[in-house]
Amino acid sequence: MVALAGIIILGILAQWVAWKFKIPAILPLILIGLFVGPIASEFLTSDGRKLIEPIWNGQRGLFPGESLFYFVSLAISIILFEGGLTLKLSEVKNVGPAITKLITLGSAVTFFGAAIAVHYIFDLSWEISFLFSGLIIVTGPTVITPILRNIPLKKDIAAVLKWEGILIDPIGALVAVLVFEFISVGGESTYTKTAFIEFGKIILFGATFGFTFAHGFSFALRKKLIPHYLLNVVLLASVLGVFVLSDVFAHESGLLSVVVMGMVLGNSGIPHLKELLYFKESLSVLLISILFILLAANINFSDLILIFNVKTLLLFAIVVFLIRPLGVFLSTINSTLKLNEKLFISWVGPRGIVAAGIASLFGLKLAKDGVPGAEYITPLVFMIVLGTVLLNATTARLFAKVAGVFLKKSEGILIIGASEASRVIAKYLAKNEKQVVLIDTNQTNINKAKKLGLEALNTDIFSDELIDNIELNNIGYLIALTGNTDINKYAVDKLKKQFGENGAYRIANQEEINNSTDTIGLFSYTNDYLSLLELARKLPNIHEIDIKTENEYHEIIEYTNNETDIIPLFLKDRNNQLDIITTLNGNKKIEKGTKLVYLGNKIKQAITN
């Protein structure tokens, strides 16, 4: 009981440490597992026992006999199902040819290159070598996101790394599952007709069960056959049921079936999908926390000694410094990415949770079956995972600066609220080559923004989803533009550090305007959200007027304060740089070529004395 509680406590503590220090959770999880497992057995206990014993002498410990194998199988099935849910076929089309090639051609380079390397360096069989290479294809958003979250990058670079991790997770897992299943059904006759038949059965039943049950669950959901309060647990039971049932009909087909089920459901447009993803994410965090402490603790010190040699360093160097760059550069031929951007993408390729988890599962299975070389799978993959995470977590920011992809100043603009007023302003900003992102919880507003060609996200500012979005790393201005003052205040207070590097502003309400408070109100001394929205609906036109002197600027601002059909927005200099007008930045430096940008009626001539 103490050990079980300890695993959960240590696992959640590791997750908190990862959040606090902005590092991938897999790093503290595996390190804790290694400490309470093989390190403790070698240096801390007199009888060679581990502080946490997943299996001891085969039949004792937390999971005696084959129960650890069953727990790992079920946990991995849930994690892979969540990975499948995140794979959107529409996003494959939208993220560009570079990402498509990375997850196809890049994966093939890793698959064949790493297999050749490990085969000749460690003298492993081709079957085990290809299993190893299949396992290290995946990167994964759980390790990419924490590394990139605080590195200001161009949107294109962040998008490539983010979507590669998301798309390649289930693809890499699928490749590893297929290689493993081919080994499992083959035995000594791997290349016989029987082996190919069994391999075909696994693919057939895995794909069929996953596809069928996904549509069955989707049908039940659309017909409201499942009450809302049972939605998450019914899906969990369905995933476990599909995994077990598929495995009964074709041994080792369960993992394939849950990946397929997740991909089909993720692309079916079912209601409550975001809610299901949140539940699966929370469940995966708990399972991952338990799983990786257990798996790392289950490694024996002799397994670590097995790879404690110069061969391991050579393999790591080939994977990181040769195979990864080769895959990236081949995949980005004729792309819009520059040389320094390709170099940075080549450098950042940490392997993730799926790789380590499936490696442990397959290592246990194959070692139990007595497959030669299977004892190398788990420690070698763990070495690649730990090594790449440590390397990228400690050097990615520095390498971004050296490569010249580190943005010294974030110029993007985040607008909270996608109302008509926000859309009019955002459209002007986009025409002036500014990255502008609208967020709202109103899907109708989001759809209208997207029809205008604007980038818009259906996101709640009270969740962490926005902060975790690494594609917004180059956002430096925050504008809270909703009709709810509390939401505006919360957005500025919570998101200012993340997205308001150059300024975080909110529109003042009427009470603040009437009381002449020191609140930084957007655009005008006399207009609140309602007056801005009304004008945007009435006169959705943005104009520019030349400003020659500071006096002329103040005179025009004073004039607009008395006009209900004109609201000043920005000052635009001759270099196309925009300065947001607020109620507290009255002192403006007016240079030749400066223009005042305003909404509403057109000012026919400058207002001067």
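The values are calculated or read from the model by the stated rules, or taken from the named source; none is laboratory data. What you see is a predicted model; the values in this text were computed from it and never measured. Don't worry about glycine lacking a Cβ; one is built from the backbone with ideal geometry, like all the others, and counts go over all protein chains shown. Only protein heavy atoms, including side chains, enter the accessible area calculation; ligands, DNA and RNA are left aside. Shrake-Rupley method; radii C 1.70, N 1.55, O 1.52, S 1.80 Å.
Quick notes on this one:
- With the simple spin-label model, which puts each label point 7 Å out from Cα in the Cβ direction, the Asn432 to Leu236 separation comes to 5.1 nm.
- Length gained on full extension, Ile197 to Lys604, computed as 0.36 nm times the residue gap minus the Cα-Cα distance: 138.4 nm.
- Cα shape, the stretch 239-293, gyration tensor, a/c 1.5 rule: oblate
- Cα long-axis angle, helix 231-249 against the chain (0 to 90 degrees, to the nearest 10): 30
- Alpha-carbon spread of the stretch 351-500, three principal axes, descending order, Å: 67, 37, 29
- Spread of Cα-to-Cα distances over 10 Å intervals beginning at zero, given as percent, for the stretch 97-182: 18, 42, 28, 11, 1
- Distance cut-off 19 Å, percentage of C-alpha pairs in the stretch 284-414 lying past it: 61
- In whole angstrom, the stretch 441-506 maps to an equivalent ellipsoid with semi-axes of 19, 15, 12, each derived as √(5λ) from the alpha carbon gyration tensor and ordered largest first.
- Each stretch of four or more DSSP H residues adds -39500 (n - 2.57); spread over every residue of the chain, this sum gives -18500 deg cm²/dmol at 222 nm.
- For Glu341, net neighbour charge (Lys/Arg +1, Asp/Glu -1) across residues whose Cβ lies under 12 Å away: +3
- Surface composition of the chain: carbon plus sulfur atoms contribute 60% of the solvent-accessible area (1.4 Å probe, protein chains only, all chains present).
- Between helix 107-122 and the chain: long-axis angle, C-alpha atoms, 0 to 90°, nearest 10: 40
- Simple label model, 7 Å out from Cα along Cβ direction - Gln510 to Asp565, nm: 2.2
- A Förster radius of 22 Å combined with the Cβ-Cβ distance from Leu306 to Ala108 puts the calculated FRET efficiency at roughly 0.15.
- Computed from point charges on the beta carbon alone (+1 for Lys and Arg, -1 for Asp and Glu), the dipole magnitude for the chain about its Cα centre is near 980 Debye.
- With only the Cα atoms considered, the stretch 210-332 has a convex hull volume of 178 Å³ per residue.
- Centroid-to-centroid separation of the stretch 226-265 and the stretch 107-168 [C-alpha atoms, Å]: 26
- Whole-angstrom gap from the stretch 1-50 to the stretch 350-418, using each part's C-alpha centre: 19
- Extending 7 Å from the Cα toward the beta-carbon at both Asn150 and Lys224 defines two label points whose distance is 4.8 nm.
- Using only alpha-carbon positions in the chain, the gyration tensor eigenvalues give semi-axes of 53, 25, 23 Å once each is multiplied by 5 and square-rooted (largest first).
- Counting only alpha carbon atoms, the long axis of helix 550-561 and the longest principal axis of the chain meet at about 90°.
- The relative contact order of the chain, computed from alpha carbon pairs under 8 Å that lie at least 6 residues apart in sequence, is 15 percent.
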